[in-house]
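Enquirer: Dumping the structure here so I can ask a few things about it.
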Amino acid sequence: MKLTKSEFELLTDIGYSVKVIELYMGRVNVGVIENPDANLAYTGPCGDTIQLHLKISNNTIIEDAKFQYIGCPAAASSGSALTRIVKGKTLEEAKKITDQDILHELKGLPEVKLHCPKLAVTTLKKTIRKYENGRERSSYLE
């Protein structure tokens, strides 16, 4: 999919950075991971949804991350930025990622879309929590 010059100018005029547009148009890390170690879908207050899929090695390192979404370009680019940031991080490092980290990676969003990085970070934290809770329960069964 390509944008016309006027579509590109419209997006930049309302506050989307070139980085956001590149991530959105390139569909960076949009997709699924077959047999993920962790996955969770979360819908934010605005109605946008991100489903995060993580491949975790040695129960500690995020080896791969992909996501699916229903929402706007800001939600999509926030998911892309998040998945780029978390790859190679430990779960403990990933838990410390903030919406400000996502905003820094994106280099600009319209003010009305500043909730989208928070949606991505909340989805990540809930996904990690679900994974860790599942590991705790399974350790009682071994």
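Enquirer: When the Karplus curve 6.51 cos²θ - 1.76 cosθ + 1.60 is applied with θ = phi - 60°, which whole-Hz ³J(HN,Hα) does each residue of the stretch 75-90 get, with x for Gly and Pro?
Expert: My calculation for the stretch 75-90 gives 5, 5, 5, 5, x, 5, 4, 4, 5, 5, 5, 7, 4, x, 7, 6 Hz in order.
Enquirer: Still on this structure, I have one more. For the stretch 5-137, what is the percent of antiparallel DSSP beta bridges, rounded to the nearest 5?
Expert: Details: 16 of 17 bridges.
Close to 95 percent.
Enquirer: Across the stretch 24-39, in residue order, what do the Karplus-derived ³J(HN,Hα) couplings come to in whole Hz, using 6.51 cos²θ - 1.76 cosθ + 1.60 with θ = phi - 60° and x for Gly and Pro?
Expert: My calculation for the stretch 24-39 gives 5, 5, x, 6, 5, 6, 7, x, 10, 10, 5, 6, x, 6, 8, 7 Hz in order.
Enquirer: How much length is gained on full extension from R27 to R84, taking 0.36 nm per residue of separation minus their Cα-Cα distance?
Expert: Result: 19.3 nm gained on full extension.
Enquirer: Averaging sequence separations of C-alpha pairs under 8 Å and six or more residues apart, then dividing by the length of the stretch 5-137, give the relative contact order as a whole percent.
Expert: It rounds to 28 percent for the stretch 5-137.
Enquirer: Taking neighbour counts of Cβ atoms within 10 Å as a proxy for exposure, in what order, fewest first, do S80, S6, S17 appear?
Expert: S6, S17, S80
Enquirer: Which peptide among 122-128, 40-46 comes first, and what is the full order, when sorted by highest mean count of other Cβ atoms within 10 Å?
Expert: Working: 122-128: 20.7, 40-46: 15.1.
Put in order of decreasing packing, that is 122-128, 40-46.
Quick note: the coordinates plus some simple rules give every number you see, no bench work behind them. Everything quoted here is computed from the prediction, not taken from an experiment. Every residue, glycine as well, gets a Cβ built from its backbone with ideal geometry; the counts of neighbours run over all protein chains shown.
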